[in-house]
Amino acid sequence: MEQLKINQVAQELGVTPAGVYKRLKTDFQLVEKYVVKEKNTTLITREGVEVLRTLMQKTPQVSDSTSLQPVENQTIKYLQDLVINQQKTIDNLIASQNEQRQRTDTIIMKLTHDLEATRKSALAIEAKVDALAKKPENDKIAEALSKMVPEVKAWEPAPKKKPQYSFLQKFWYELIDPVKLRAY
């Protein structure tokens, strides 16, 4: 099986090597089985060159339309497969988004139910407290409880002590007065 370098293929087809690389990139699905890479060199088989030749023809010849038929069928099949794969991807994304939305709705409903239950519970507790507060015997209980529980004072930091200076330090501060020196 004869393999040609990109420069040889470009000369044979009458295009630049960049044009061959571009065609290989755009129609890779059609020519990938004819492309071989060896030590950073891209080689194309003789059949691949013929496929590239048919792809690069701007107007197909009428007499040779049967040779173009397999390439056109391959292109159509490739595009159909591409559309089918994209449709499957879209369907999968829509399905996952629906699942996420259902999960979110379920969570919201549960939180709403829990919030309503908490609100009812708070109202019931508030009603019990109000009922207990209205009874006169509860005043006696509250008074007894306040006597039993010692009064708690808020924490206050300890007062700062004035620094103890020696005689020389006091004399120095009176003589020089550092606060006035800092002002200048």
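The values are calculated or read from the model by the stated rules, or taken from the named source; none is laboratory data. Because the structure is predicted, anything quoted here is derived from the model rather than measured. No Cβ is skipped: glycine too gets one built from the backbone with ideal geometry, and neighbour counts run over all protein chains shown. For the accessible areas, the whole protein counts, side chains as well, though only heavy atoms, and no ligand, DNA or RNA atoms are used. Shrake-Rupley method; radii C 1.70, N 1.55, O 1.52, S 1.80 Å.
Are any residues in segment 158-177 open to solvent by less than 100 Å² (accessible area, probe 1.4 Å) and under 60 Å from the mean Cα position of the chain (by Cα), and if so, which ones? Once the filter is applied, which keeps residues that are open to solvent by less than 100 Å² (accessible area, probe 1.4 Å) and under 60 Å from the mean Cα position of the chain (by Cα), segment 158-177 yields Ala158, Pro163.
In this structure, does Glu72 turn out to be part of a helix (DSSP H, G or I) and closer than 30 Å to Leu55 by Cβ?
For Glu72, the condition - part of a helix (DSSP H, G or I) and closer than 30 Å to Leu55 by Cβ - is met.
Yes/no per residue for (1) outside any helix (DSSP H, G or I); (2) modelled with pLDDT of 80 or more; (3) of a type in the set (Val, Ile, Thr):
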residue	(1), (2), (3)
Asp114	no, yes, no
Lys120	no, yes, no
Lys128	no, yes, no
Ala142	no, no, no
Ser146	no, no, no
Pro150	yes, no, no
Leu168	no, yes, no
Tyr173	no, no, no
Val179	no, no, yes
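Conditions tested, residue by residue: (1) open to solvent by 70 Å² or more (accessible area, probe 1.4 Å); (2) in contact with a helix residue (DSSP H, G or I) (Cβ under 7 Å, 6 or more places away or on another chain); (3) outside any helix (DSSP H, G or I); (4) at pLDDT 90 or above.
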{"residue": "Val9", "(1), (2), (3), (4)": "no, yes, no, no"}
{"residue": "Val15", "(1), (2), (3), (4)": "no, yes, yes, no"}
{"residue": "Asp105", "(1), (2), (3), (4)": "yes, no, no, yes"}
{"residue": "Lys110", "(1), (2), (3), (4)": "yes, no, no, yes"}
